[in-house]
Amino acid sequence: MRTIIEPFKIKSVEPIRFTTKKEREIILKDAGYNPFLIHSDDVLIDLLTDSGTSAMSAAQWAGIMQGDESYAGSRSFYRFEEAIRKITGMKFIIPTHQGRAAEKILFSIVGGKGKYFPNNTHFDTTRANIEFSGAEADDFLNEIGKHPEIRADFKGNMDIQKLEKFIQEKGKENIPLCMITITNNSGGGQPVSMQNIRETKEVCTKYGIPLFIDACRFAENAYFIKTREAGYEHKSPLEIAKEIFSYADGVTMSAKKDALVNIGGFLAMQDERLATQCRNLLIVTEGFPTYGGLAGRDLEAVAQGLEEVLDENYLHYRIRSVAYLGDKLVAAGVPIIEPPGGHAIYLDAKRFLPEIPPHQFPGQAIVCALYIEGGIRSVEIGSVMFGKNDENGNMISPPMELVRLAIPRRVYTQSHIDYVSEVVIETFKQREKMRGFKFTYEAPMLRHFTARFEHI
Ligand code: F0G
């Protein structure tokens, strides 16, 4: 088989700045060993996130020039609405400035004390918005999804039995909606099968609970269904996406992922009453319903991006380029979540650094080592991000300790990725030298963004 090439050529380039290892040691120390606090000019390859970091196409930039900046009834809104409706079939489409703004509006209305929201795995902002409303966020990831070393096709699947038992226990009247996140970002970017989405919907229907999809990476999930689930191999990504959303009563999406833009999001639903409540809140917090926190040009770029992301050549390259990095690391013995996810490679910090216990943040130790070794910025998804303190101040750790290498869309070439694999492998070889961390500052919520650390 021939090399799978990037399905684009590069028209505009952005230089990256090189630093020395000595410089990076000082930079990281000054940033309290938290790469969120580093200037991006001091980063060589930025794998912090795939969110808002995509390269836009010439057609998207052209759309930027054509954006209609009318306060009300913007032409760009109608294009945005049509593009989303074509894929999701939702009746009511509400633009927001990013995903968490959609979550904030939704959970301000349906959340509150005594309410429960199940999901395969809540992303951190979703969980935070639910908890901020006073409600409880609960994860029901299938058992296989919790074992990084096991290869399976759909490790993002919901545990349907546990979900149903939970609904019976808590009472359907206390569960305003159920969510499913595709792909499952916090669990390794792993896809959810069509069958599992259908079965989740069946359970929801049985108890009269609406199903909402967190659709950040719906196109990547659709491509996994195409290549891994029987009966979908001859369907287009658009046809598969349409079927996915046919099981949903609502959608939240950060367009910063699979809409290939730098800012944007939306909330969509079939229920008119809920949509009216959401729009009223939108006016207070985001803006008028035909722009909702975005400029007309942003709406254009989202509409165009949603078309491009469902292109089969693009998705083939996208999924393969992430797997390419994963395969190189596995061949060198580096422990990762297998198989590679859709948007990122997740290093398994528990197996990478078995001597460093979760409360000393092995993931953070790897994040720091990758930056010093090669100027690569990654993010910890483990006890720093999701750890909680009990009444006695002891930390309760999440099931996995991971380091995410998120691959921005259409940004880095194969040689950048070759470099990344070399740095990760070198860091793995030197793992005996690595030490754990403790907090010197920790915010009460979403602490990973602003935390500061020192070496133990
Ligand atoms: N849901 C999922 C599954 C996400 O991955 C994100 C963002 C959001 C919701 C919130 O969207 O950032 O536009 O407000 N994930 C980014 C990440 C931040 O790096 O994975 P947002």
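The values are calculated or read from the model by the stated rules, or taken from the named source; none is laboratory data. Predicted model, so just to flag it, every value in this text is computed and none were measured. Virtual Cβ from ideal backbone geometry, glycine too; neighbours counted across all protein chains shown. The accessibility values were calculated without ligands, DNA or RNA, using every heavy atom of the protein model including side chains. Shrake-Rupley method; radii C 1.70, N 1.55, O 1.52, S 1.80 Å.
Here are a few things to note about the model shown:
- Single residue of region 45-83 satisfying the filter (under 30 Å from Glu373 (Cα atoms) and not in a loop (DSSP other than H, G, I, E, B)) that is nearest to the ligand (Cβ to nearest atom): Asp46
- Output for region 16-44, where each listed residue is open to solvent by less than 50 Å² (accessible area, probe 1.4 Å), in a helix (DSSP H, G or I) and within 16 Å of the ligand (Cβ to nearest atom): Pro35
- Flag for Phe77 being open to solvent by less than 30 Å² (accessible area, probe 1.4 Å) and either in contact with a helix residue (DSSP H, G or I) (Cβ under 9 Å, 6 or more places away or on another chain) or not assigned by TED's automatic domain parsing to the domain that holds Leu370 (or both): yes
- Check on Ala365, in contact (Cβ under 8 Å) with a residue 24 or more places away in the chain, out of contact with any Asp or Glu (no Cβ under 6 Å at 6 or more places or on another chain), assigned by TED's automatic domain parsing to the domain that holds Met65 and not hydroxyl-bearing (Ser, Thr, Tyr): no
- Here Glu202 passes the criteria (1) within 16 Å of the ligand (Cβ to nearest atom); (2) surrounded by fewer than 21 Cβ atoms within 10 Å (Cβ to Cβ) except the one numbered (1).
- Residue list for region 381-409, filter: within 12 Å of the ligand (Cβ to nearest atom), in a strand (DSSP E or B) and modelled with pLDDT of 95 or more: Arg404, Leu405, Ala406
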